[in-house]
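Here is the structure we will look at.
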Ligand code: ASP
């Protein structure tokens, strides 16, 4: 082990030990200043939208502002690395998701953090079904025609995503393997900008979290072919499931959740969890999340322990699927 790595490890140990010693004072007063919530993708995308809706309510409960900081790059792993290395004092948090805290593990052999070893789970915020979306003039009227068209198009079609390991990348990796297709991947810093490109017809299709698509589907600026969950979603009752559309093998639902750096004192994690749970029970917050198609977690799914188990299960689920997947 070289000196740098040793110093880094020592530094981490010291931070964690220091936080533990300060626990009673920190926890009693927390929070006394602004909290930073890192969002690992561009503003306007699903992670950003969910983080902002929940953080706004949490900040009222906590009596301190929560500032959203969008840190983009490498499918969300740049920001997640930064969050993992932040001081574990409750003042730097991250809204991660199925990509940053599960799928990135098999896709990045040199990932600079581990979702379970370097984070304290705080609370699951939302389940987000995956939709198959295309530009508004895409020449297919339903999912069956979409499948026929993409299979016949080889690498001529452009598939937008938010970087290797992002939800939009990983879920379309699954779609690509089910259909045995090889479109050309086009990475963006989040599916906010990817959606702009889809609306502008600069890319052909993408797979994304429903939260990002509902306003555009309702506005008629993109086409939605199917929702990849067993049941239809109340926010888009006319959108068929992939099973109804003849593609039962493609099922995908992502999720977003709050994490704190490892070593954040347990009472602070509990305070944050309580504020997130309160937000998820608020009728205004619920309406905003449900209108965008989110699935609000049940109370038993909102505990730090439940989120920790979800992360472990998701890493186990995605690792064999993605280990050998081409980073397209
Ligand atoms: N939905 C994006 C993804 O593919 C992330 C985002 O922009 O929130 O991971």
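Would you mention how many residues in the range 254-264 are assigned to a loop (DSSP other than H, G, I, E, B) and either surrounded by 24 or more Cβ atoms within 10 Å (Cβ to Cβ) or within 16 Å of the ligand (Cβ to nearest atom) (or both)? Before the answer, list the steps.
Step one: of the range 254-264, the residues assigned to a loop (DSSP other than H, G, I, E, B) are 262-264.
Still in the running and either surrounded by 24 or more Cβ atoms within 10 Å (Cβ to Cβ) or within 16 Å of the ligand (Cβ to nearest atom) (or both): 264.
Qualifying residue count, the range 254-264: 1.
Can we say residue 81 is more than 12 Å from the ligand (Cβ to nearest atom), over 17 Å from the mean Cα position of the chain (by Cα), without any contact (Cβ under 8 Å) to a residue 40 or more places away in the chain and not in a loop (DSSP other than H, G, I, E, B)?
Judged against the criteria, residue 81 is not a match.
For the range 98-113, what are the residues that are more than 16 Å from the ligand (Cβ to nearest atom) and touching a residue at least 12 places away in the same chain (Cβ under 8 Å)?
112, 113
Given the residues 158, 212, which is the only one that is at pLDDT 95 or above and more than 18 Å from residue 45 (Cα to Cα)?
Exactly one of 158, 212 is at pLDDT 95 or above and more than 18 Å from residue 45 (Cα to Cα), namely 158.
Filter the range 57-78 down to residues that are surrounded by fewer than 18 Cβ atoms within 10 Å (Cβ to Cβ) and in contact (Cβ under 8 Å) with a residue 60 or more places away in the chain and give me whichever is farthest from the ligand (Cβ to nearest atom).
Across the range 57-78, the extreme among qualifying residues is 61.
Restricting the search to the range 190-205, which residues are part of a helix (DSSP H, G or I) and farther than 18 Å from residue 165 by Cα?
Listed by number, the residues that qualify are 196, 197, 198, 199.
Okay, residues lined up against (1) in contact with a helix residue (DSSP H, G or I) (Cβ under 8 Å, 6 or more places away or on another chain); (2) assigned to a loop (DSSP other than H, G, I, E, B); (3) at pLDDT 95 or above:
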| site | (1), (2), (3) |
| --- | --- |
| 48 | yes, no, yes |
| 52 | no, no, yes |
| 59 | no, no, yes |
| 68 | yes, no, yes |
| 100 | yes, no, yes |
| 109 | no, yes, no |
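The values are calculated or read from the model by the stated rules, or taken from the named source; none is laboratory data. Computed from a prediction, not measured in an experiment: that's the story for all the values here. Don't worry about glycine lacking a Cβ; one is built from the backbone with ideal geometry, like all the others, and counts go over all protein chains shown.
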